[in-house]
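*Asks:* One structure is given below, represented as structure tokens, and several questions about it will come after.
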Amino acid sequence: MPHEVRAVVAAKRGAPVELQTILVPDPDPGEVLVSVQACGVCHTDLHYRDGAINDDFPFLLGHEAAGTVEAVGPGVSDLAPGDYVVLAWRAPCGNCRSCRRGRPWYCFDSRNAAQPMTLLDGTPLSPALGIGAFAEKTLVAAGQAVKVDPAARPEAAGLIGCGVMAGYGAAVHTGGVGSGDTVAVIGCGGVGNAAIAGASIAGARRVIAVDIDERKLDGATRFGATDTVNSRGTDPVEAVRDLTGGHGADVVIDAVGRPETYRQGFYMRDLAGTLVQVGVPDPDMRIELPLIDLFGRGGALKSSWYGDCLPSRDFPVLIDRYLSGRLDLDGFVTETIGLDEVESAFDKMRDGRVLRSVVVL
């Protein structure tokens, strides 16, 4: 029997989201039904609402979630009802060319539930990032539900399902930050602060936060920034060079994803340094750089997809670091809200008033 649950639906491009009753089926083979306890409001959800991802409306929003397994489908052996899980939007298939080459964090055929969740009239919903967790219950592929220590409160734990993992992994996995490195992070929202935290935990000796908002720069110090640069009135490239002995940072992370911040990051690096782009650009954005500088400065220019993470490996580690006091997940939670407050949370996010609003069910 399908489950009737309340959920947040984006019915058409740019329209305010709606709280509707939807139908969630019982799990088929390889699927699990999850009772959602908390779900963060992420910029990606707003992109779906605004039609910036694709036009597969209506969307069931929400993807940064923690909850408990309510039921498992046939063939699911590593999960059981009652398990506490964080949901991941990457569930490696094990069979694509990337998985076969031993790089499952790049899986090109990530698993999702095969059955659709629907409106009451049977209209199929497109779940955001294959999850759809602004709902009392959701249906996902078994590989998307990662067991973690239940001591972690869901408001904090769910955040590693997207933004925290993306930023942390951009520093630790994609950027390869190591002991003694100097790091600059452009953009001190949720993803940028997670990159700051990751760089600090990885042993960077200097972590420089760059933003145009003094409030965000003040907040970045909570996550491990040793220095801050307000780029509204200061040339951030020169400022970072001044803070690194005139050289530039070993690793620069662009958590904004705009041509101007990417260009700043490119020149903010030391020679042979690494630039990691984790901020998501708009599809029509372009970047132009002198080819001689691409050659002459050397180093690496990388994009970070989901922090190059392997959820089954990385989620439990981040939760352990949270519980031991090394990763301040609580610091990302600005407020907790109900399902009926998601639209207002989007407004706060646009205005930069929150790191994360978290829906609690």
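The values are calculated or read from the model by the stated rules, or taken from the named source; none is laboratory data. Fair warning: this is a prediction, and the values are worked out from it, not measured in the lab. Methodologically, a virtual Cβ is constructed for each residue, glycine included, from the backbone with ideal geometry; neighbour enumeration extends over all protein chains shown. Side chains included, ligands, DNA and RNA excluded: accessible areas come from the protein's heavy atoms. Shrake-Rupley method; radii C 1.70, N 1.55, O 1.52, S 1.80 Å.
*Asks:* Taking ALA171 and the conditions (1) assigned to a loop (DSSP other than H, G, I, E, B); (2) open to solvent by less than 30 Å² (accessible area, probe 1.4 Å); (3) under 30 Å from ALA272 (Cβ atoms), which numbered condition does it fall short on, given that it satisfies the others?
*Replies:* Looking at each condition in turn, ALA171 falls short on (1).
*Asks:* Next up: Check whether at least one residue in the stretch 213-224 is of a type in the set (S, T, N, Q) and in contact (Cβ under 8 Å) with a residue 40 or more places away in the chain, and report yes or no.
*Replies:* No, the stretch 213-224 contains no residue that is of a type in the set (S, T, N, Q) and in contact (Cβ under 8 Å) with a residue 40 or more places away in the chain.
*Asks:* To continue, here is another question. Pull up the stretch 306-335, narrow it to residues that are in contact (Cβ under 8 Å) with a residue 24 or more places away in the chain and loosely packed, with under 14 Cβ neighbours inside 10 Å, then point me to the one that is nearest to LYS216 (Cα to Cα).
*Replies:* This residue is ASP330.
*Asks:* Let me ask something else. Anything in the stretch 1-11 that is in contact with a helix residue (DSSP H, G or I) (Cβ under 7 Å, 6 or more places away or on another chain) and open to solvent by 10 Å² or more (accessible area, probe 1.4 Å)? List them, or say none.
*Replies:* ARG6
Yes/no per residue for (1) open to solvent by 50 Å² or more (accessible area, probe 1.4 Å); (2) within 26 Å of HIS173 (Cα to Cα):
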{"position": "HIS47", "(1), (2)": "yes, yes"}
{"position": "LEU60", "(1), (2)": "no, no"}
{"position": "VAL69", "(1), (2)": "no, no"}
{"position": "PRO92", "(1), (2)": "no, yes"}
{"position": "PRO104", "(1), (2)": "no, yes"}
{"position": "ASP109", "(1), (2)": "yes, yes"}
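*Asks:* Now a separate question. Working carefully through the options GLY30, GLY82, GLY14, find the one that is on the phi > 0 side of the Ramachandran plot and open to solvent by 50 Å² or more (accessible area, probe 1.4 Å).
*Replies:* GLY82
*Asks:* Scan ILE208, ILE201 and give me the residue that is open to solvent by less than 30 Å² (accessible area, probe 1.4 Å), among the aliphatic types (A, V, I, L, M) and in contact (Cβ under 8 Å) with a residue 24 or more places away in the chain.
*Replies:* That would be ILE208, the only listed residue that is open to solvent by less than 30 Å² (accessible area, probe 1.4 Å), among the aliphatic types (A, V, I, L, M) and in contact (Cβ under 8 Å) with a residue 24 or more places away in the chain.
*Asks:* Right, something else. At least 3 residues that are open to solvent by less than 40 Å² (accessible area, probe 1.4 Å) in each: list the strands (runs of 3 or more DSSP E) lying fully within the stretch 223-305 that qualify.
*Replies:* In the stretch 223-305, the matching strands (runs of 3 or more DSSP E) lie at 249-254, 269-277.
*Asks:* Next question, about the same structure. Taking VAL177 as meeting all but one of (1) open to solvent by 20 Å² or more (accessible area, probe 1.4 Å); (2) β-branched (Val, Ile, Thr); (3) in a loop (DSSP other than H, G, I, E, B), write down the number of the exception.
*Replies:* (1)
*Asks:* Being open to solvent by less than 20 Å² (accessible area, probe 1.4 Å) and more than 16 Å from TYR48 (Cβ to Cβ) is the filter here; which residues of the stretch 119-141 pass it?
*Replies:* Scanning the stretch 119-141 gives LEU139, VAL140, ALA141.
*Asks:* Please specify each residue of the stretch 72-92 satisfying the condition of being of a type in the set (A, V, I, L, M, F, W, C) and in contact (Cβ under 8 Å) with a residue 60 or more places away in the chain.
*Replies:* The answer is VAL72, VAL76, LEU79, VAL85, VAL86, LEU87, ALA88, TRP89, ALA91.
*Asks:* Collect the residues in the stretch 96-118 that are closer than 30 Å to VAL8 by Cα and either assigned to a loop (DSSP other than H, G, I, E, B) or not hydroxyl-bearing (Ser, Thr, Tyr) (or both), keeping them in residue-number order.
*Replies:* Correct list: TRP105, CYS107, PHE108, ASP109, SER110, ARG111, ASN112, ALA113, ALA114, GLN115, PRO116, MET117.
*Asks:* State all residues of the stretch 139-168 that are of a type in the set (Val, Ile, Thr) and assigned to a strand (DSSP E or B); if no residue qualifies, say none.
*Replies:* Once the filter is applied, which keeps residues that are of a type in the set (Val, Ile, Thr) and assigned to a strand (DSSP E or B), the stretch 139-168 yields VAL140, VAL146.
*Asks:* Also, quick follow-up: Out of all the residues in the stretch 336-361, which are open to solvent by 30 Å² or more (accessible area, probe 1.4 Å), not in a helix (DSSP H, G or I) and not β-branched (Val, Ile, Thr)?
*Replies:* ASP351, ARG353, LEU355, LEU361
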